[in-house]
Amino acid sequence: MRVPASRRLRVCLRLAVAAAGSCLTSLHCLAIEEAAGPRVEPDGRPDPTLLPHAARQAPNVIAYAALNVVNRPAGFSYSDPVTGVKVWKVTSSSVPIANSSAGHDYSDGPNEVSLGWGINHNTYTILIGAPQGEMKYYLVDFTRGVGFTNYRRLTVQPAHDLGVSFSNLASQPQIAYILTTTQIVRYNTATMQVENTGTFPLNHDLQGWLQHDRNDGWFVGLVDDTTAFAWNSQTNQLLTHEESWLNEPRLERDGRYIALTNSNSTFRLWDLASNTFGPTQSSNQYWLGHNANLRGQWVTTDVNATAPFDLDRYTPSGGEIVRTRIFNNSAGTGVHHSGNWVQSDAELGGDLNRQWSFFSGVDDNAYTAAALWKQAIGVVRSDGSDARLLVHHYSTKPDYYADPFAQPSPDGRVVIFNSNMLGSARYDLFVAEMPLR
């Protein structure tokens with residue numbers, strides 16, 4: 001008979017009290033719980049409507065400072081002082097190795113946290129840079145409600161940041177793709193070995209910015225600073241395209257369209273179904289940068305607007321990319337969006353404009369006085385019908401690598417982010433548990 005989680009907890013506490021002075025440790029306690037049955041959360045879907053509505057909530061700096069997060073070890077957890085969401089500290093100055101700081105890369109593009117796997121899909125593999133920008137990447141397994149196990153170094157290292165991405169396929173949640181200088185390989189994070197199948201590896205000189213669609217079909221990135229590639233892993237078709245102004249290729253998650261951008265006001269639509277291109281579009285009224293790649297669309301903040309700045313949706317239409325205003329507020333201009341949560345037609349009722357995406361803003365100035373999200377991680381629907389607050393990240397005046405870069409897992413059940421913990425001398429990686437229904 002399965003023992004309810006609440007009963008397992010009571011048994012553990014009674015034994016701890018009875019053994020006062022006899023050194024019954026938390027590890028003994030965990031072993032007792034496991035003997036009674038696995039302590040795992042039920043399966044469930046992430047539900048942002050269980051979060052508080054975004055309502056200009058300020059960070060609770062006093063309560064956060066009292067937690068002394070910067071001096072806590074990896075594995076420490078706390079409840080966000082404003083939303084109550086559970087947050088875990090993934091790294092420290094000694095975990096996964098001695099380091100000056102540790103975190104994760106840019107918010108959108110690759111999946112830097114896996115789909116859930118194991119019992120009730122509650123375990124996730126997370127990519128760690130220790131520190132960022134030095135190509136020293138590690139993995140750790142995280143189980144919701146339990147914590148971390150098995151920190152280990154990647155045996156194949158990417159050529160650059162944004163060079164590792166976990167699969168979007170439920171059939172292979174522990175598979176990651178790694179872009180080296182000359183290949184894209186299929187890598188099993190359970191066995192820690194390259195396990196190429198089908199058309200893998202792709203053999204080609206590559207630079208970075210690896211991303212792929214929801215079926216792990218099209219893989220997109222940069223060959224060099226001005227040349228994008230698109231590789232179909234099912235047909236082995238390889239396409240490249242150069243633009244003198246190109247900075248980023250942005251693949252929407254359904255895998256048909258790429259937004260070629262210079263990360264702001266110049267962009268062009270690439271239709272992979274026909275390998276055709278729309279006209280080059282350029283306007284100082286547009287901003288297609290720091291955006292969330294969603295199914296069939298991109299969402300971002302309009303930094304060209306006036307405070308509190310607007311949220312826009314960009315959609316392919318008639319061979320061009322068309323902007324639609326979805327919300328008249330945001331988290332300010334110092335913001336990065338993320339669309340790594342891939343939602344199904346069933347979840348969306350067939351309406352892609354009902355998609356949720358995440359973002360994290362860092363501004364703390366006069367421009368954000370009226371902002372709906374203040375130095376926080378937010379969640380918004382693409383039709384602008386709902387806006388929620390996940391947590392405050394407490395990364396104060398961050399440099400590039402300490403930017404929160406909030407990013408959900410492909411199933412939306414956990415969210416990773418960086419924080420310098422109120423402007424400390426280091427930054428660390430954190431993971432927040434999304435509420436489930």
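The values are calculated or read from the model by the stated rules, or taken from the named source; none is laboratory data. What you see is a predicted model; the values in this text were computed from it and never measured. With ideal geometry, Cβ positions are generated from the backbone for all residues, glycine too; neighbour counts draw on all protein chains shown.
Here are a few things to note about the model shown:
- Test result for Thr300, among the β-branched types (Val, Ile, Thr) and crowded, with 24+ Cβ neighbours inside 10 Å: yes
- Residue in segment 215-227 that is surrounded by the most Cβ atoms within 10 Å (Cβ to Cβ), counting only those that are out of contact with any Ser or Thr (no Cβ under 9 Å at 6 or more places or on another chain) and closer than 20 Å to Leu294 by Cα: Gly221
- Candidate set from segment 45-67 (those that are part of a helix (DSSP H, G or I) and within 24 Å of the chain's Cα centre (by Cα)); member that is nearest to Met434 (Cα to Cα): Pro48
- Any hit, segment 351-371, residues being at pLDDT 95 or above, touching a Leu at 6+ places or on another chain (Cβ under 7 Å) and not in a loop (DSSP other than H, G, I, E, B): yes
- Per the listing Ser317, Ser330, Ser274, the residue uniquely in the same structural domain as Asp351 (by TED's automatic domain parsing), surrounded by 15 or more Cβ atoms within 10 Å (Cβ to Cβ) and among the small types (Gly, Ala, Ser) is Ser330.
- Boolean, Gly84 is surrounded by fewer than 19 Cβ atoms within 10 Å (Cβ to Cβ) and at pLDDT 95 or above: yes
- Checked across segment 359-373, the condition of being within 21 Å of Met421 (Cβ to Cβ), free of Cβ contacts under 8 Å to residues at least 60 places away in the same chain, in the same structural domain as Ala58 (by TED's automatic domain parsing) and of a type in the set (A, V, I, L, M, F, W, C) holds for at least one residue.
- Residue in segment 111-121 that is surrounded by 22 or more Cβ atoms within 10 Å (Cβ to Cβ), of a type in the set (D, E, K, R) and not in a loop (DSSP other than H, G, I, E, B) present: no
- Selected residue (criterion: surrounded by the most Cβ atoms within 10 Å (Cβ to Cβ)) from residues of segment 377-417 that are within 14 Å of Ser338 (Cβ to Cβ) and among the small types (Gly, Ala, Ser): Ala406
- For segment 291-346, filtering for residues that are in a strand (DSSP E or B), in contact (Cβ under 8 Å) with a residue 12 or more places away in the chain and farther than 24 Å from Asn111 by Cα leaves 9.
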